[in-house]
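The values are calculated or read from the model by the stated rules, or taken from the named source; none is laboratory data. Being a predicted model, the structure only gives us computed values, none of them experimental. Here the Cβ is made from the backbone with ideal geometry for all residues, glycine too, and neighbour counts use every protein chain on show. Please note that ligands, DNA and RNA were not included when accessible areas were found on the heavy atoms of the full protein model with its side chains. Shrake-Rupley method; radii C 1.70, N 1.55, O 1.52, S 1.80 Å.
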Amino acid sequence: AQKITQTQPGMFVQEKEAVTLDCTYDTSDPSYGLFWYKQPSSGEMIFLIYQGSYDQQNATEGRYSLNFQKARKSANLVISASQLGDSAMYFCAMRRFASTGANSKLTFGKGITLSVRP
Amino acid sequence: AAGVIQSPRHLIKEKRETATLKCYPIPRHDTVYWYQQGPGQDPQFLISFYEKMQSDKGSIPDRFSAQQFSDYHSELNMSSLELGDSALYFCASSPRTGLWTQYFGPGTRLLVL
């Protein structure tokens with residue numbers, strides 16, 4: 001079974017500063033993927049960034065980077081130069097990579113609320 | 001770029017009524033997933049389909065059924081609705097293999113009165 005843990009309470013960050021959102025995971029699968037999604041108050045689920053368990057380098061996508069520490073089973077999201085529009089709920093998720101290569105369901109954490117202050 | 005389309009976006013039903021939610025995946029995505037997100041909760045996997053066959057099943061009530069059609073769109077049928085079914089229902093799509101990311105539709109917000 002897979003488990004994602006997001007334990008931070010609501011996070012606050014000043015506009016233009018960087019912020020780290022924590023995510024730890026547990027799985028017995030040797031191959032898996034880790035994801036971060038953003039959910040603003042409007043409700044849609046927006047894909048931000050992906051990290052594969054065998055990727056040697058940390059993933060980056062614009063202002064988003066994923067600090068992947070496999071031995072510690074953590075996959076923290078770093079948002080640089082926060083903007084007011086970054087205020088949202090952020091979910092960490094993972095899926096296993098099946099031996100058939102078939103795509104599989106996502107397991108989500110409980111989410112973290114980020115508020116960006118002007 | 002084309003995204004996942006869900007309809008309707010909002011739905012209000014009475015208890016014991018039925019509801020049908022529709023999902024149109026991104027072109028060339030052949031796998032569809034349904035998730036349910038209750039108020040203040042994380043999304044929970046319900047069911048997935050590949051090539052019109054159910055590929056995985058999660059915590060989907062027996063009152064719910066779903067299918068995928070030849071054009072890859074999917075429908076989630078919900079019967080005997082209960083107050084606790086009020087939630088945001090997401091459809092996501094991805095290719096069967098290769099691309100890891102699941103892209104979500106805007107969701108259908110269901111309110112059961």
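Interface burial in the stretch B:40-57 reaches 50 Å² or more for B:42, B:43, comparing the full protein assembly with the chain by itself; accessible area from heavy atoms with a 1.4 Å probe. Each chain gives up part of its surface: A and B jointly bury about 1900 Å² of accessible area, both sides summed, for a 1.4 Å probe.
If each Cα of the protein assembly as shown is one equal point scatterer, what is log10 of I(q)/I(0) from the Debye formula at q = 0.12, 0.18 Å⁻¹? Evaluating at q = 0.12, 0.18 Å⁻¹ gives log10 I(q)/I(0) of -0.66, -1.36. May I ask you to give the percent of accessible area on the protein assembly as shown that is carbon plus sulfur, with a probe radius of 1.4 Å? Carbon-and-sulfur percentage of accessible area, whole number: 50.
To the nearest 0.05, what FRET efficiency results for residue A:3 and residue A:58 with a Förster distance of 25 Å applied to their C-beta separation?
Numbers: r = 22 Å, r/R0 = 0.88.
Step by step, r from the Cβ atoms, then E = 0.70.
When peptides A:64-75, A:31-42 are sorted by average Cβ neighbour count within 10 Å, with the highest value leading, the order is A:31-42, A:64-75.
If you put +1 on each Lys and Arg Cβ and -1 on each Asp and Glu Cβ, how big is the dipole of chain B around its Cα centre, in Debye rounded to 20?
Details: 11 positive and 11 negative charges, 32 e Å.
That gives a dipole near 160 debye.
Provide the per residue accessible area, probe 1.4 Å, for chain A, rounded to a whole number of square angstrom.
Working: 5680 Å² over 118 residues.
Each residue of chain A exposes 48 Å² on average to a 1.4 Å probe.
Across every pair of non-identical alpha carbons in chain A, the mean reciprocal distance, once inverted, gives a Kirkwood radius of 14.5 Å.
I'd like to check one number: the per residue accessible area of chain B, probe 1.4 Å, reported in Å² as a whole number. Intermediate values should be presented prior to the final figure.
On the way: 5400 Å² over 113 residues.
In whole numbers, chain B has 48 Å² accessible per residue.
Computed about its Cα centre, the charge dipole of the protein assembly as shown is approximately 120 debye, with only Lys, Arg, Asp and Glu carrying charge at their Cβ.
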